[in-house]
Amino acid sequence: MNLESENTDYRCGFVAIVGRPNVGKSTLMNHLIGQKISITSKKAQTTRHKVTGIYTDDTAQLVFVDTPGYQTYHRNALNDRLNQNVTEAVHGVDVIVFVIEALRFTDADRTVLEQLPKHTPVVFVVNKLDKAKDRMVLAEFIANAEKEYQFAATEVVSAKHGQRIGQLIELLKPMLPHSEAMYPEDMVTDKSSRFLAMEIVREKLFRYLGEELPYAMNVEVEQFEIDPETGMYSIYIAVLVDRDNQKAIVIGKSGERLKKISTEARVDMETLFDAKVFLKVWIKVKSGWADDIRFLNELGL
Ligand SMILES: Nc1nc2c(ncn2[C@@H]2O[C@H](COP(=O)(O)OP(=O)(O)OP(=O)(O)O)[C@@H](O)[C@H]2O)c(=O)[nH]1
Ligand SMILES: [Mg+2]
């Protein structure tokens, strides 16, 4: 063994990112690892699966787990499953990052705190710093919030504008155990290209559809192949909707909307995979899927 290369000060561990829907958890994770692997949108309930993002430098490796926003309002089988994913994700991690929006500490945030295991350190991260112009008001808001829970530390960031992200990483490092890196240094996620392709389509659907539709929709990869000679990807993706009229909405007038969704998704995939992509997206109707437990299992949710 080469003793010189052995670094006993190195740290490595798991950090779960939790919070109510739409506080900016996925945006934060993408900035922490410097690559867009978790999809984001203005709408709540964008993230449905746990997504792992890996940050590595000379002193530490931080394995972040982005989780779905914890649901407190609408009860259905899908939301119960999402919440179950959150409570599972926080068990066994070394640190929990609890994200809220600056100047908004609501009962939905408190419900998330109640789900957290008692013996894991919780770092309080106040996001959307850009929305809190008055620093005195912000300081008072933070002081009040800190009275409600025994946080291990507090940090303010703006995930969207990449502010104070480095500070958050440095704050987290000493909270991780001494250990060698678990993943290769160039690995940024443990998710497959297949999963990332599906997520990219879901993000475009969120972006181009009205308020109601995305909640009754899911995306399935039907075929995913890479040509061994040319390196070109062929990806076939089905969008599941609840009703016939929703199918028409997704397709849009003379197919315009679906075309825009497919084109943007293909361009993003080409950037992420660094290859040419042939992408085919189509729509299938399957009513009541969000309440069908067996079907949720099939989808891996
Ligand atoms: N102004 C401002 N907006 C932000 C900031 N960070 C995130 N956002 C916006 O907040 C919205 C939600 O961001 P997401 O990252 O999708 O939030 P999330 O917590 O992962 O949401 P779910 O997965 O639905 O629980 C998006 O429109 C982001 O652009 C920030 O620092 N400032
Ligand atoms: Mg998210």
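Springs between alpha-carbon pairs under 10 angstrom, Gaussian network model over the chain: which of GLU140, GLU155, GLU203 fluctuates most? Greatest mean-square fluctuation among the candidates belongs to GLU140.
The dipole here belongs to the stretch 3-175: it is taken about the Cα centre, uses +1 on the Cβ of Lys and Arg and -1 on the Cβ of Asp and Glu, and is about 920 debye.
Each residue of the stretch 30-153 gets 131 Å³ once the volume of the Cα convex hull is shared out per residue. Gain on full extension, evaluated as 0.36 nm per residue between ILE249 and SER192 minus their Cα-Cα distance, stands at 17.5 nm. In this structure, the amide hydrogen of GLN45, modeled 1.01 Å from its nitrogen in the peptide plane, lies closer than 5 angstrom to those of ASN22, GLY69, counting only residues at least 5 positions away or on a different chain.
Computed from the alpha carbon atoms alone, the convex hull of the stretch 184-246 holds 125 Å³ per residue.
So, counting K/R as plus one and D/E as minus one, what does the shell of residues with Cβ under 9 Å around VAL219 add up to?
-1
When the Gaussian network model of the chain links Cα atoms closer than 10 Å, the mean-square fluctuations of ASP57, ASP109, ASP227 top out at ASP227. For the chain, adding -39500 (n - 2.57) for each run of n ≥ 4 DSSP H residues and dividing by the number of residues yields -10000 deg cm²/dmol at 222 nm. A cut-off of 5 Å between modelled amide H atoms, ignoring neighbours fewer than 5 places along the same chain, links ARG11 with ALA60, GLN61, SER179. For the stretch 147-203, pairs of C-alpha atoms spaced more than 15 angstrom apart make up 72 percent of the total. When Rg and the Kirkwood radius Rh are both evaluated on Cα atoms of the chain, their ratio Rg/Rh stands at 0.99.
Placing a label point 7 Å from the Cα of ARG110 along the Cα-to-Cβ line, the residues of the stretch 132-160 whose backbone N sits under 17 Å from it are 141-151. Using θ = phi - 60° in the Karplus curve 6.51 cos²θ - 1.76 cosθ + 1.60, the 3J(HN,Hα) couplings for the stretch 63-70 round to 9, 8, 10, 7, 10, x, x, 6 Hz; x is entered for Gly and Pro. Averaging the sequence gap over all C-alpha pairs within less than 8 Å and six or more residues apart, then dividing by the number of residues, gives the chain a relative contact order of 19 percent. A straight chain from LYS260 to THR87 at 0.36 nm per residue would run longer than the Cα-Cα distance by 58.7 nm.
Since every read-out is calculated from the coordinates, none of them should be taken as a lab result. These numbers come from a predicted model, not from an experiment. All Cβ positions, even for glycine, are placed from backbone atoms using ideal geometry, and neighbour counts span all protein chains on display.
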